[in-house]
């Protein structure tokens, strides 16, 4: 069952080939068998999953099904889930049982999804290797000595190893797309504001966006259909009609114009990475797409701008973790200052502290104009670059990540080299655009991904481009040897 | 050469919206701690603010009331600092683009002079919770019921030059916000809180270093705190010292103030636009709707009181300022049919009684309608003004409407002249020496001496004699 896509499993449930309980038990068993090594889950909610599966089977029997009825899904541990620990990969929230449920989780549950558990992640989503998690690093199922990428590393790894048929992720600077590329899965970051942020623990509020991670573009379309929509509790969620994403997969792509930003193929880029993405683009050309070269001159500033804006927002967003109301609280505080200092020093890991410090500095009196304001100006330039490009093209394509999965620990002491892992993905977050990563081949047995970036609210279109590609290729069907008999 | 005082105010005005600024929690006074605090108010991870449109509307209405520019795209920012009763670690407020821009408030001083105080701006922000230091055995309790309560902070230019002007301005601001219905105006509940910036200088010199005295919650405390601070600054400078820029706390009970923190200890608040909120859009149509719905402002009401009720400027000023007082006066006038009497009673007996019992006019046990009825009985001669006070006391004590009290206690003025004449005759017959004495006196002395007979008659009638009728009768009988 685990080699089937979510879409195929949905059909299997509808056909009565298996029950949701059987399906759920199958994945729970795989988690039990393999996750000791992979470490992709922080919490497995077995009892709840089985109860939801039974309820789903009843709903199927009664003919009352939603989009995701009976389908097991793993949620990133950044989404609040009532009554279930929501750790955000941090010691700070190790004991935090969320008192409410995130909109994304609620919406998927109301469409009948079964929650398998909560997946591991970089602490507070800060990282590109899943090594900053309080719960230890997640391994890459394609090579257990390598990282799965981050921050949605647990989601991507469990999906890559088929310990779950689908997962949710969040993407602030590439946290869905980069791990998707490194684990040979498909992941979509929707337009900023398309999916509600209510109940999703904030890292950088103006960049954070939840999205689907699946085995195929079709799976992502199915999940996004359930996730997307306006939420009155999130002022930045957009009150715009949700498109028919599955319907969009039926559109013809001949005549589609693909823009290739020259900045996504710099001279310094690993030739094999570039070749895989170019090959993917050629497949689409064969399907009738036109290819033109474009330029995004300001995109080279995206990493520095991002590493001002994201830490600045994070430094403020993470102030609420002060040991007063929830989360880690130090033992026997002497006074208020001691309570703050020790609770935060003990509760946060190094990368989180680094970003709080950077962000605090960037917002400080006397530095605000030089850093934060400047970064916002750069952000506008980047957005304008994309807008100009989209006057000429329908989608933009290039490699998702500049390299394949690197060895655990390889970049631990070199944060800047780690930050460069997101060099191709960050610009999209700064502009608020939708983008997905799809599997487009291997280098030395390690997966590579290619990014498809669309204009605002054109999720249907980029999903369709990936879907068309996946109908004529089978990279997305390749499985790692880890995970047993495939 | 004397010192010139420069005063600017920052006033926190609590908006009387149904719910909080960024959450659906009800505004609460007196609820059990933390029972009016939602996930958003608690700053739970993953929660997000949604701006309360009613608060925006009320802030904009205030802007229109002071002829200010309304910012069409005002922006919420985060003011970052750690404090246990600040759940998110930042206060959501406004800085660069406040909803209300520069405006003016005209103030009538006691001297009759008019003073214009310029408003620099007013911005929307959320209140913090409360730290409770008692009953926690060396720990601090946190009550987040107040966290997220909508405030507008009104910031004036340093246009006031003494405590009286500052108080007159503060009262006028109170009159405006209560008149337009955006604030309940209950000072004892902290509905309005004043921060006072004071500096002194010699005339013609640049502005001196200022201090800020925070969180004054009554006009009286504000006046006293300003005077105290001005005296302190004069003492310091005249002793050759320097004023340190600092934040001070005034204790109204002991009439002392102390330094809370100096400029060096000031936080770097690291303001930046709140990424969870979009700019607050206000359209022409919104402004037109607000203008159309603008309640009567204190100045207009004062003019109307002078024109419609022939009140003096002074009386009109006192009665028109506070909306509740104005409404009480108009209610009593309508029911009693006499504006002058209503004005006298509201400013006299009623005000004294409220003051003595520290009650707001809204809490008066005597309603405007009851006072009106009392006035009507005065006017139609049913009771004398002396009896009226007795009736008022009884109404205050909850003994019922004036008519009920008058009936129950038999306080109707004796209007039967035959009955009164008989009493007067008895008094004259029974007090021969006094009558003799009176008759031997000249006109001037008689005026005093008649008081004895009035007193006797009042005693005999238990005060129910119509004073005019009695006087007339006594004179007639004694002078013959």
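Only the coordinates and a few stated rules stand behind these numbers; no lab work does. Because the structure is predicted, anything quoted here is derived from the model rather than measured. Ideal geometry is used to build each Cβ from the backbone, glycine not excepted, and the neighbour counts take in all protein chains shown.
I'd like to compare B:80-87, B:404-411: which one has the highest average count of other Cβ atoms within 10 Å, and what's the full order after that?
Details: B:80-87: 19.8, B:404-411: 16.2.
Those peptides, ordered most packed to least, come out B:80-87, B:404-411.
Computed from the C-beta positions of residue B:35 and residue B:137 and an R0 of 25 Å, the FRET efficiency is 0.65 to the nearest 0.05.
For chain B, the longest principal axis of the C-alpha atoms and the axis of helix B:298-309 are separated by about 20°.
Calculate how steeply helix B:385-396 sits against the longest principal axis of the alpha-carbon atoms of chain B, using the helix alpha-carbon long axis, and give the answer as 0 to 90 degrees to the nearest 10. Computed tilt is about 50 degrees. Our note on the geometry: Cα centres of the stretch A:1-79 and the stretch A:223-268, 26 Å apart. Starting from the Cα gyration tensor of the stretch A:6-254, take the square roots of the eigenvalues, sort them a ≥ b ≥ c, and report rounded, prolate or oblate (rounded when a/c is under 1.5, otherwise prolate if a/b is larger than b/c, else oblate). It comes out rounded by the Cα gyration axes.
As a rough guide to protection, the peptides A:355-365, B:170-180 ranked by mean Cβ packing within 10 Å, highest first, stand as B:170-180, A:355-365.
Given a cut-off of under 8 Å on Cα pairs at least six residues apart, what relative contact order in percent is computed for the stretch B:4-288? If you can, show how the numbers build up before the last one.
Working: 626 pairs, mean separation 69.5, N = 285.
The value is 24 percent.
The stretch B:390-430 and the stretch B:300-360 have Cα centres separated by 28 Å. Label-to-label distance for residue B:419 and residue A:354 is 10.0 nm, based on points extended 7 Å past Cα in the beta-carbon direction.
I'd like the mean, over residues of B:75-81, of how many other protein chain beta carbons sit within 10 Å of each residue's own Cβ. Present the calculation step by step, with values, prior to reporting the outcome.
Numbers: counts 0, 1, 0, 5, 1, 5, 1.
Shielding by partners across B:75-81 averages 2.
Judged by the mean number of other Cβ atoms found within 10 Å, the most tightly packed of the peptides A:131-143, A:319-331, B:364-376 leads the ranking A:131-143, B:364-376, A:319-331. Shielding value for B:270-283 is 5, the average number of Cβ atoms from other chains within 10 Å of each residue's Cβ.
Once both labels are positioned 7 Å from their Cα atoms along Cα-to-Cβ, the gap between residue B:314 and residue B:426 label points is 4.4 nm. Over chain B, Cα pairs under 8 Å with separation of 6+ residues give a relative contact order of 14 percent. Oblate is the label for the stretch A:174-236, because a/c, from the alpha-carbon gyration tensor with a ≥ b ≥ c as root eigenvalues, is 1.5 or above and a/b does not exceed b/c. Sequence-distant contacts, meaning Cα pairs under 8 Å at least 6 residues apart, place the relative contact order of the stretch B:253-408 at 15 percent. What shape does the stretch A:343-486 have by the C-alpha gyration tensor, where a ≥ b ≥ c are the square roots of the eigenvalues, rounded means a/c under 1.5, and otherwise prolate means a/b greater than b/c and oblate the rest? Oblate. Helix B:443-461 sits at what angle to the longest principal axis of chain B, using alpha carbons and giving 0 to 90 degrees rounded to 10? Here the helix axis deviates by roughly 80 degrees. Fully extending the segment from residue B:454 to residue B:327, taken as 0.36 nm per residue of separation minus the present Cα-Cα distance, adds 41.8 nm. With the simple spin-label model, which puts each label point 7 Å out from Cα in the Cβ direction, the residue A:51 to residue B:263 separation comes to 6.1 nm.
Taking 19 Å as the cut-off, the amide N atoms of the stretch B:345-383 that come nearer than this to a point 7 Å along the Cα-to-beta-carbon line of residue B:393 belong to B:345-346, B:348-358, B:365-367, B:371, B:374-375, B:378, B:383. When both bridge partners sit in the stretch A:6-254, DSSP labels roughly 70% of those beta bridges antiparallel.
Test of understanding: what is the full-extension gain from residue A:61 to residue A:377, defined as 0.36 nm times their sequence separation minus their Cα-Cα distance? If you can, show how the numbers build up before the last one.
Working: separation 316, 0.36 × 316 = 113.76 nm, distance 5.60 nm.
So the extension gain works out to 108.2 nm.
For the peptide A:310-322, the mean number of other protein chain Cβ atoms found within 10 angstrom of a residue's Cβ is 5.
A Förster radius of 51 Å, combined with the Cβ-Cβ distance separating residue B:254 from residue B:340, puts the computed FRET efficiency at roughly 0.75.
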